[in-house]
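Shown next, in structure tokens, is the structure this report addresses.
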Amino acid sequence: MSVSNNSINSALIIVDMQKDNVGRYCKDIIPQIQSLIRKAREKKMPIIFACDSRYPDDSLFERIGIKIHTIKGTEGAEVIDDFAPTSEDMIVEKRMMSAFFGTDLDFTLREKGIKKLIITGVRTEFCFLKTVLDAFELGYEIIVPIDSCASPSEEGHKAVLASLDVLKIKKPTTEELLQQL
């Protein structure tokens, strides 16, 4: 899969790789994302950590019946230690599933001249997908390294990745992408 190698107008978005969100199903994608972070830093590409930042009484917890997690200001809402964000990286706190909804991410990317987004992270069929779809609708070129996103539901994960074909979203492996950046 050919991906143009103009990293100047590209950014790496890492969705919800936070202490409360990362489970066993994520262990295989951590080294892949670490490789992308190293390459992005080498190429001076912006790195954005899109992070759940919720309140304890957030209606989402009750509406879909999930445990309270990633509460704003808690250790569980921090990016996992494996990624060690630097002061040059952006952390976008998001109250909703998409990194674009109710944040200034789109404005910030446009101000930097970003046209292409490499999107990684979890959970493939929720926050990851919502971020990908919003980025697509906003007109960004999207690249999804297929081995750098995950879900505890293998069925849901595969279904989302297959559905991205309809939008003609590029889906290289991380290794293929790294060779072309």
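Being of a type in the set (D, E, K, R) and in contact with a Gly (Cβ under 6 Å, 6 or more places away or on another chain) is the requirement here; does LYS43 meet it?
In short, no.
Listed residues GLY113, GLY156, GLY139, GLY121; which is assigned to a helix (DSSP H, G or I) and either at pLDDT 95 or above or closer than 20 Å to ASN21 by Cα (or both)?
Criteria check complete, one pass: GLY156.
Counting just the residues of the range 44-67 that are assigned to a loop (DSSP other than H, G, I, E, B) and buried (at least 16 other Cβ atoms within 10 Å of the Cβ), which one comes out farthest from the chain's Cα centre (by Cα)?
Here the residue is ASP58.
Please work out which residue is surrounded by the most Cβ atoms within 10 Å (Cβ to Cβ), limiting yourself to the range 68-97 and to residues that are among the hydroxyl-bearing types (Ser, Thr, Tyr) and farther than 18 Å from THR131 by Cβ.
THR74
Restricting attention to the range 8-22, and to residues there that are in a loop (DSSP other than H, G, I, E, B) and either of a type in the set (D, E, K, R) or touching a helix residue (DSSP H, G or I) at 6+ places or on another chain (Cβ under 9 Å) (or both), which single residue is surrounded by the most Cβ atoms within 10 Å (Cβ to Cβ)?
ASP16
Only residues that are of a type outside the set (Gly, Ala, Ser), modelled with pLDDT of 95 or more and closer than 21 Å to CYS26 by Cα: list them for the range 95-110, please.
If the condition is that a residue be of a type outside the set (Gly, Ala, Ser), modelled with pLDDT of 95 or more and closer than 21 Å to CYS26 by Cα, then no residue fits.
Can you name the residue in the range 23-43 that is within 27 Å of GLN179 (Cα to Cα) and part of a loop (DSSP other than H, G, I, E, B) and is also farthest from the chain's Cα centre (by Cα) among such residues?
Selected residue: LYS43.
Suppose we keep only residues that are of a type in the set (Lys, Arg) and more than 23 Å from ARG24 (Cβ to Cβ) within the range 62-88. Which one would you say is modelled with the highest pLDDT?
Here the residue is LYS72.
Whether any residue in the range 98-112 is surrounded by fewer than 15 Cβ atoms within 10 Å (Cβ to Cβ), in contact (Cβ under 8 Å) with a residue 60 or more places away in the chain and either out of contact with any Ser or Thr (no Cβ under 7 Å at 6 or more places or on another chain) or not polar (S, T, N, Q) (or both) is what I want to check.
Within the range 98-112, one or more residues are surrounded by fewer than 15 Cβ atoms within 10 Å (Cβ to Cβ), in contact (Cβ under 8 Å) with a residue 60 or more places away in the chain and either out of contact with any Ser or Thr (no Cβ under 7 Å at 6 or more places or on another chain) or not polar (S, T, N, Q) (or both).
Can you tell me which condition THR70 does not meet? The list is (1) of a type in the set (S, T, N, Q); (2) in contact (Cβ under 8 Å) with a residue 40 or more places away in the chain; (3) farther than 15 Å from CYS127 by Cα, and all the others hold.
(3)
The values are calculated or read from the model by the stated rules, or taken from the named source; none is laboratory data. Here the structure is a predicted model, which means the values were calculated and not measured. Glycine also receives a Cβ, built like all others from the backbone with ideal geometry; neighbour counts cover every protein chain displayed.
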